[in-house]
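Colleague: I am attaching a structure below and will ask some questions about it afterwards.
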Amino acid sequence: MMEGSGAAVTANGLTKYYDSLLAVDHITFEIAHGEIFGFLGPNGAGKTSTIRMLMNLIRPSEGSAAILGMDTVRDSLAVKAQVGIVPEVSNIFPELSTLNNLTFTGALYGMGRRNRMARASELIDLFDLAEHQHRKAVELSMGLRRRLAIAMSIMHRPRIIFLDEPTSGLDVSSARAIRDTVRELNGEGVTFFLTTHNMDEANQLCRRIAVINRGRLIAVDTPERLKQAAAESQVVEAVFDRELEPAEVEELSGLEGCSQLLPEAGKYRMRTSDPARILQGLYPFMHRSGIKPVSINTLGPSLEDVFIRLTEGGKEAAGDG
Amino acid sequence: MDSEVFEAREPALLDGLRKAWAIAGKDMRIYYLQPAVLIFGLVFPIAIFFAFMIGRDVQTASLFPGLIALTLFFSTTTVAPFSVPWERMNRTFERLLFAPVSLPMAVLGKVISAFLFGLAVSLVPLVLGLLFFGSHIQDYGALVLGIILGNLCLANMGMLISTVRADTPPKVMMVLNVVRLPLMFMSGIFLAIPTLPYWGRVIAWFSPVSYATDLLYKGLGFQDYFGIVISVLMLLAFTVVMYVASVLRMRTWNR
């Protein structure tokens, strides 16, 4: 049992029907111990249903899942004792103070009074909540509530944390503080299952990313490999010393290797699978037109490009089907 | 059952009870002083009672079993129908389900908080009756059983009503009052069950409130109808059925 299985989380053909609606379609994946695993998908793709099945808040229609080698349905309480969860929509008790939210959470996990007071005090310091510890949660800002929610999720020192849109709606510094916390906890060996719409965040934090669309897992890989798969989404971005004439724009768009030209606010973005070919034609073009470059950059595909390519592919396939 | 299994289960049960108590403590802190709970659980029954009883030519002391039964009934059945939909609306009920707390223990925690609220509130008219209005206890056993088992049973009734599919507390409170108001008239609160017409006495068998009321009448020296044994057994039976039904209803929420 436990670590012997080699994976922190295993989903095996996990499927969920709501009446006749197929929300999650036979998804299979594994998350290694100590990994930060990103779970991306558009709204309604099946992310929340997947998390709820992993937490045994809803029963899978088919398939099974294991956390730390324990079946999520059969060993539900033992699984929950090892897992922390931070849902996208805050579910801290608004009428309780910061301190009482933490100690009540500790009581739900079976921590003794002295133990939970000590742990709450430790987390209040760690999350910089000392001056808010006696304020009711309803009076806290969104960023503070998010910090409190994360503090509550680690009250019992879980080995796996499910984070649903952890920085959604937060200002830049609060979001950065939360990402730093995730890195710190991960450094201590905590495994993370992270759902996010923030591609930059997924790129920064996740070792591997799974993309789910219309209930089906359509890719699982490292961010870099996923980006390689979208190689045709590379861009050469040029800024010149003057605006181009319409004829020059047309000539630029016809450069060998340019699949699409996107002029935008004085920048000319040429989409290509081979930036070197564009550059070979770009210098003669500038020479012929008497234009000087201000800057020329080549940009690799972003995770957002990959996400859009994968999920729009799914839409087309579904539409075709 | 071998001893190893028994030893493994005992701490799990104690652990579950500790968590249920933590949930009850949290509910007491949050909900006991909520205006809706105080109005529907305390002010409402007293106002209704006096609206029906003032001007009737009866001994004041004879009103107290009914008053205690009504405050017990309303106070105990108010807490869960307010707190459960409130927590579902705020998604805080989900937090209980994220934790390693079994659904029967989560339900028990809610029942305990309703039970203690009802107990505290129903003791107020009892003490007032004893101190100022000439009530006296004739049968301590019946009175204690009536208060304890009545509260326990009706706390479970409130819990069961709180599991109706409704997304806000007012909608559940509406369902609650649809159930409570008819029960109030068919349970011997305003007229002791022995004094009801035949059809009233038949209907009274189907209301758990009747058995609590009957024990209170007996305890305060008035004529009872069912007898202590039947009342106790019926209250226990209603308690178990409504507790199990609450757990089963909640299990269907997320399936």
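Each row is one residue, and each column tells you yes or no for (1) touching a residue at least 60 places away in the same chain (Cβ under 8 Å); (2) within 14 Å of B:LEU216 (Cβ to Cβ); (3) in a helix (DSSP H, G or I).
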{"position": "B:LEU108", "(1), (2), (3)": "yes, no, yes"}
{"position": "B:PHE115", "(1), (2), (3)": "no, no, yes"}
{"position": "B:ALA120", "(1), (2), (3)": "no, no, yes"}
{"position": "B:LEU126", "(1), (2), (3)": "yes, yes, yes"}
{"position": "B:LEU130", "(1), (2), (3)": "no, yes, yes"}
{"position": "B:ILE137", "(1), (2), (3)": "yes, yes, no"}
{"position": "B:LEU149", "(1), (2), (3)": "yes, yes, yes"}
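Colleague: Something else: Out of B:LEU216, B:LEU160, B:LEU152, B:LEU116, report the one residue that is touching a Phe, Trp or Tyr at 6+ places or on another chain (Cβ under 7 Å) and at pLDDT 95 or above.
Modeller: B:LEU152
Colleague: Please enumerate the residues belonging to region A:246-284 that are acidic (Asp, Glu) and surrounded by 12 or more Cβ atoms within 10 Å (Cβ to Cβ).
Modeller: A:GLU248, A:GLU251, A:ASP274
Residue-wise test of (1) closer than 30 Å to A:THR48 by Cα; (2) over 33 Å from the mean Cα position of the chain (by Cα); (3) assigned by TED's automatic domain parsing to the domain that holds A:VAL190; (4) assigned to a loop (DSSP other than H, G, I, E, B).
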position: A:ALA210; (1), (2), (3), (4): yes, no, yes, no
position: A:VAL220; (1), (2), (3), (4): yes, no, yes, no
position: A:GLU243; (1), (2), (3), (4): no, yes, no, yes
position: A:ALA247; (1), (2), (3), (4): no, yes, no, no
position: A:GLU250; (1), (2), (3), (4): no, yes, no, no
position: A:LEU262; (1), (2), (3), (4): no, no, no, no
position: A:ARG271; (1), (2), (3), (4): no, no, no, no
position: A:ALA276; (1), (2), (3), (4): no, no, no, no
position: A:LEU282; (1), (2), (3), (4): no, yes, no, no
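Colleague: Is at least one residue of region B:170-190 over 19 Å from the mean Cα position of the chain (by Cα) and in contact (Cβ under 8 Å) with a residue 12 or more places away in the chain?
Modeller: yes
Colleague: Scan region A:224-266 for residues that are of a type in the set (Ser, Thr, Tyr), free of Cβ contacts under 8 Å to residues at least 40 places away in the same chain and out of contact with any Lys or Arg (no Cβ under 6 Å at 6 or more places or on another chain) and jot them down.
Modeller: A:SER253
Colleague: Can A:VAL79 be described as in a loop (DSSP other than H, G, I, E, B) and within 14 Å of chain B (Cβ to nearest Cβ)?
Modeller: Against the criterion (in a loop (DSSP other than H, G, I, E, B) and within 14 Å of chain B (Cβ to nearest Cβ)), A:VAL79 does not qualify.
Colleague: Could you say which residue among A:PHE39, A:PHE93, A:PHE29 is within 12 Å of chain B (Cβ to nearest Cβ) and surrounded by 17 or more Cβ atoms within 10 Å (Cβ to Cβ)?
Modeller: A:PHE93
Colleague: Out of region B:221-240, which residues are within 13 Å of B:LEU152 (Cβ to Cβ) and among the hydrophobic types (A, V, I, L, M, F, W, C)?
Modeller: Result: B:VAL232, B:MET234, B:LEU235, B:LEU236, B:ALA237, B:PHE238, B:VAL240.
Colleague: Additional query: So, in region B:9-41, exactly how many residues are more than 12 Å from chain A (Cβ to nearest Cβ) and of a type in the set (Lys, Arg)?
Modeller: Here the count works out to 1.
Colleague: Looking only at region A:103-128, which residues are within 12 Å of chain B (Cβ to nearest Cβ) and either within 17 Å of A:PRO158 (Cβ to Cβ) or modelled with pLDDT of 95 or more (or both)?
Modeller: The answer is A:THR103, A:PHE104, A:THR105, A:GLY106, A:ALA107, A:LEU108, A:TYR109, A:GLY110, A:MET111, A:ARG116.
The values are calculated or read from the model by the stated rules, or taken from the named source; none is laboratory data. Values in this document were obtained by computation on a predicted structure and should not be read as measured data. Cβ atoms come from the backbone with ideal geometry, glycine included; neighbour counts cover every protein chain shown.
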